Amino acid sequence: AYDGMADTVSAEIESIQSMVSQNSDISEITSALTSAIATLNADNTTLKEYLKVYEDATDNLTACEDAEKTASSEYESAKSTYEKNHSNAEKEVESLTSEIETLQDKYDSLVNAQETSLLELENKYQKALLSAENAQTKYDSTITTLQAAVDEATTEYNDLLEEQEALLSCVNGVVHASQAGTLSSVNVTAEGYLMGDMAVVAYYDTSKIIISTEIDQAEISKVSVGDTVSVMITGSGMYEGTITEIATEATSGGSMSNVTYAVTVTIDNSDGALSAGSSAYVTFSYEEEGEEQNENE
């Protein structure tokens, strides 16, 4: 701006000098001088204003520089404080990290010790449980054995009671049977001795004849208890019998291709016409299929 004003003033001065050298009219020269002076005054005023702005700017610059110095000093102080605090923080972190690692090691040791203790306690518990189970097994076995011994002793006691009752029932040497029958054998002689559980006599009831026979598994479902069957007894003729029992399980010892079931047939012999020991042929009649099967016994 100053250079522009100087150029303007220089141009007006040159114009006045040119007018003087050309002997221009004095009024023109005066007017030019007056204009130049006015321009100089205006430029001077502007320069003063610019100077004032420059001085204000200088003052502001100085204030800014002072502020910058203060800020820089404060920055350096804050930086130093930060670095010091940062260093102290790093040391504190290192110390805390070391303490954490120490505590972690102690925790791991305690956990391992606890797990070991738990394993030991579990082993002791399992051993105690096993011992208890073994003791229970021995107890149950002992109870079973003792119960069997008690049952056996009870049975022997009851047998002895029966024998005692049987002996007490003898009056003047007479033994009474529980029911009527036919003697099949006499096992003692006069002035002889009874040995163990030897029977004095054996007899059988002749009011019924019992016949045991077998029937094939393919036919067992066709007969039932209470069915009537025909029985041919050797030397005695044909009789009518009744099925009184059918086995629920197959006869043991048979092959898989020849499975049979035991069937019991009873014949009324209240007249005593039949005797035990004869051969019999049993005929099973299946009315619904019109089939017959014979079995020898």
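Mind telling me which of the residues Ser117, Ser141 ends up being within 26 Å of the chain's Cα centre (by Cα), at pLDDT below 90, of a type in the set (Ser, Thr, Tyr) and surrounded by 10 or more Cβ atoms within 10 Å (Cβ to Cβ)? Quick ask: steps written out before the conclusion?
On the way: Ser141 fails: within 26 Å of the chain's Cα centre (by Cα).
Answer to the check: Ser117.
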Can you name every residue in segment 189-215 that is touching a Leu at 6+ places or on another chain (Cβ under 9 Å) and in a strand (DSSP E or B)? Val201, Ala202, Tyr203, Tyr204, Ile209
I'm checking my understanding of the structure. Among residues of segment 256-292 that are at pLDDT 90 or above and small (Gly, Ala, Ser), which one is farthest from Gly241 (Cα to Cα)? Ala262
Here are the criteria: (1) surrounded by 15 or more Cβ atoms within 10 Å (Cβ to Cβ); (2) without any contact (Cβ under 8 Å) to a residue 24 or more places away in the chain; (3) closer than 25 Å to Leu183 by Cα. Tell me which single one Asp271 does not satisfy. (1)
Contact list, first residue from segment 20-36 and within 14 Å of Thr8 (Cα to Cα), second anywhere and polar (S, T, N, Q) and at pLDDT below 75, beta-carbon distance below 9 Å, six or more apart or interchain, is Ala32/Ser24
Does Ser73 satisfy the condition of being in a helix (DSSP H, G or I), modelled with pLDDT of 90 or more and more than 30 Å from Asp7 (Cβ to Cβ)? no
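Is it true that Ser221 is closer than 19 Å to Gly277 by Cα and not hydrophobic (A, V, I, L, M, F, W, C)?
On the way: closer than 19 Å to Gly277 by Cα: no; not hydrophobic (A, V, I, L, M, F, W, C): yes.
Answer is no for this residue.
Residue by residue, here is whether (1) of a type in the set (A, V, I, L, M); (2) in contact with a Ser or Thr (Cβ under 9 Å, 6 or more places away or on another chain); (3) at pLDDT 90 or above; (4) more than 20 Å from Ser285 (Cβ to Cβ) holds:
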{"residue": "Gln164", "(1), (2), (3), (4)": "no, no, no, yes"}
{"residue": "Val174", "(1), (2), (3), (4)": "yes, no, no, yes"}
{"residue": "Asn187", "(1), (2), (3), (4)": "no, no, no, yes"}
{"residue": "Glu214", "(1), (2), (3), (4)": "no, yes, yes, no"}
{"residue": "Val223", "(1), (2), (3), (4)": "yes, no, yes, no"}
{"residue": "Gly241", "(1), (2), (3), (4)": "no, yes, yes, no"}
{"residue": "Glu245", "(1), (2), (3), (4)": "no, yes, yes, no"}
{"residue": "Ser252", "(1), (2), (3), (4)": "no, no, no, yes"}
Can you tell me how many residues in segment 190-211 are farther than 21 Å from Ala262 by Cβ and in contact (Cβ under 8 Å) with a residue 60 or more places away in the chain? 2
Go through segment 184-217 and count every residue that is within 60 Å of the chain's Cα centre (by Cα) and not aliphatic (A, V, I, L, M). 5
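Which of the residues spanning segment 11-36 are polar (S, T, N, Q) and exposed (fewer than 11 other Cβ atoms within 10 Å of the Cβ)?
Quick first cut of segment 11-36, residues polar (S, T, N, Q) only: 15, 17-18, 21-24, 27, 30-31, 34-35.
Within segment 11-36, Ser21, Gln22, Asn23, Ser27, Thr34 qualify.
The values are calculated or read from the model by the stated rules, or taken from the named source; none is laboratory data. This structure is a prediction, so every number in the text was calculated from the model and none was measured. Cβ: placed from backbone, ideal geometry, glycine included. Neighbour counts: every protein chain shown.
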